[in-house]
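Peer 1: What follows is a structure written as structure tokens; I'll ask about it next.
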Amino acid sequence: DAGVIQSPRHEVTEMGQEVTLRCKPISGHDYLFWYRQTMMRGLELLIYFNNNVPIDDSGMPEDRFSAKMPNASFSTLKIQPSEPRDSAVYFCASSPTLAGRYTDTQYFGPGTRLTVL
Amino acid sequence: AQTVTQSQPEMSVQEAETVTLSCTYDTSENNYYLFWYKQPPSRQMILVIRQEAYKQQNATENRFSVNFQKAAKSFSLKISDSQLGDTAMYFCAFLFSGGYNKLIFGAGTRLAVHP
């Protein structure tokens with residue numbers, strides 16, 4: 001298996017521009033998670049999906065952030081408009097379902113380093 | 001609420017030596033998982049080892065082993081025969097297996113392995 005795939009690996013943009021990050025989870029995994037990592041706040045869970053449905057988006061910092069999962073093999077995290085404080089590494093992770101209900105080990109993608117100038 | 005504490009911001013070890021990274025957690029739950037993830041300079045988050053709370057036997061993966069003390073809520077990682085490639089940030093993480101589905105991370109320990 002190729003593991004979790006994220007694109008792009010690096011993104012540099014200017015304040016006010018729209019940014020779209022992409023993720024392909026491991027085939028067969030029912031859960032997909034988006035995390036943000038900064039020096040100040042460490043790793044933060046932004047949102048997660050189960051069977052393509054958003055379950056908990058309480059970590060999404062504000063309305064400028066949105067995430068979608070149109071099918072089992074693709075998810076996007078969009079920031080519009082972007083701000084310098086959004087600069088961070090964004091990780092996508094996926095997990096299989098355990099016992100038909102609960103998630104298990106999360107496997108992370110390589111991350112996208114976002115820089116907003 | 002669950003919390004995870006890694007009290008060692010930085011550690012260093014000589015190549016081929018053994019090092020232990022500490023992790024404590026706080027929870028009122030009885031069924032959960034604990035993990036150690038490694039983040040090398042490439043920033044990829046790599047699963048090192050996984051422990052199920054209901055298992056008394058400590059998990060091992062080659063040179064990596066844990067000392068899981070459930071009553072003390074302690075979950076330390078031992079790296080034997082340290083290699084230069086072990087240089088990385090190490091994160092301890094907690095997952096409640098009852099459906100909460102959120103992985104709670106510690107702040108991390110930066111490990112440097114010196115030749």
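The values are calculated or read from the model by the stated rules, or taken from the named source; none is laboratory data. It should be emphasised that the depicted structure is a prediction, and the values quoted were computed from it without experimental measurement. Don't worry about glycine lacking a Cβ; one is built from the backbone with ideal geometry, like all the others, and counts go over all protein chains shown. Keep in mind that these areas ignore ligands, DNA and RNA; they rest on the heavy atoms of the full protein, side chains included. Shrake-Rupley method; radii C 1.70, N 1.55, O 1.52, S 1.80 Å.
Peer 1: Mean separation of Cα pairs under 8 Å and 6+ residues apart, divided by the residue count of chain B: what relative contact order is that in percent? Mind showing how you got there, number by number?
Peer 2: Details: 286 pairs, mean separation 42.9, N = 115.
So the answer I get is 37 percent.
Peer 1: If all Cα-Cα distances of chain B are sorted into 10 Å bins from 0 onward, what percent lands in each bin, rounded to whole numbers?
Peer 2: Bins of 10 Å from zero give 14, 49, 29, 7, 0 percent of pairs.
Peer 1: Distances longer than 15 Å among the Cα atoms of segment B:65-106: what percent of all pairs is that?
Peer 2: Details: 501 of 861 pairs.
Percentage above 15 Å: 58.
Peer 1: Here's a follow-up. What list of ³J(HN,Hα) couplings, whole Hz, do you get for segment B:24-40 from phi and the Karplus terms 6.51, -1.76, 1.60, once you set θ to phi - 60° and write x for glycine and proline?
Peer 2: Taking θ as phi minus 60°, the curve returns 10, 9, 10, 7, 9, 7, 10, 10, 6, 10, 10, 9, 10, 10, 10, 10, x Hz for segment B:24-40.
Peer 1: Could you give the nm distance between label points at A:GLU62 and B:GLU52, where each point is 7 Å from its Cα heading toward the beta carbon?
Peer 2: Those two pseudo-labels are separated by 4.4 nm.
Peer 1: Per residue, how large is the accessible surface of segment B:38-86? Use a 1.4 angstrom probe and give square angstrom. Show your work: numbers first, answer last.
Peer 2: Numbers: 2660 Å² over 49 residues.
With all protein chains present, segment B:38-86 gives 54 Å² per residue.
Peer 1: While we're here: Looking only at other chains, what is the average number of their beta-carbon atoms within 10 angstrom of each beta-carbon in B:38-46?
Peer 2: Values: counts 0, 6, 0, 0, 2, 8, 6, 13, 2.
Counting other chains' Cβ atoms within 10 Å and averaging over B:38-46 gives 4.
Peer 1: For a 29 Å ceiling on Cα separation, which of these pairs sit above it: A:LYS68/B:LYS73; B:LYS73/B:LYS102; A:LYS24/B:LYS70; A:LYS68/B:LYS78; B:LYS38/B:LYS70; B:LYS38/B:LYS102?
Peer 2: A:LYS68/B:LYS73; A:LYS24/B:LYS70; A:LYS68/B:LYS78
Peer 1: Per the Cauchy relation, a quarter of the hull surface: what is the mean projected area of the convex hull of the alpha carbons in the protein assembly as shown, in nm²?
Peer 2: Details: hull surface 51.1 nm².
So the Cα hull casts an average projection of 12.8 nm².
Peer 1: Another question, then. Just to confirm my numbers, what's the Cα centroid distance between segment B:67-115 and segment A:27-49 in Å?
Peer 2: Using only Cα atoms to place each centre, the spacing works out to 18 Å.
Peer 1: Report the label-to-label distance for A:LEU117 and A:GLU44 in nanometres (one decimal), using points 7 Å from each Cα along the Cα→Cβ vector.
Peer 2: 2.5 nm
Peer 1: Take the alpha carbon atoms of segment A:9-23, find their center, do the same for segment B:22-64, and report the distance between the two centers in whole angstrom.
Peer 2: 32 Å
Peer 1: For chain A, I need the span (max minus min coordinate) of the C-alpha atoms along each principal axis, in Å, sorted largest to smallest.
Peer 2: Cα spread of chain A along its principal axes, largest to smallest: 45, 28, 27 Å.
Peer 1: I would also like to ask the following. With the contact rule set at Cα under 8 Å and sequence spacing of 6 or more, what percent relative contact order holds for segment A:21-117?
Peer 2: Numbers: 203 pairs, mean separation 29.4, N = 97.
Worked out over segment A:21-117, it gives 30 percent.
Peer 1: Report the A-B buried area as the accessible area lost on both sides summed, probe 1.4 Å, in Å² to the nearest 100.
Peer 2: Adding both sides of the contact gives about 1800 Å².
Peer 1: In segment B:72-115, what percent of the accessible surface is made up of carbon and sulfur (1.4 Å probe, ligands and nucleic acids excluded)?
Peer 2: Values: 850 of 1530 Å².
Exposed carbon and sulfur together represent 55 percent of the surface.
Peer 1: Taking amide H positions as placed 1.01 Å from N in the peptide plane, with prolines and chain starts having none, which residues 5 or more places from A:SER87, or on another chain, fall under 5 Å of its amide H?
Peer 2: A:VAL116
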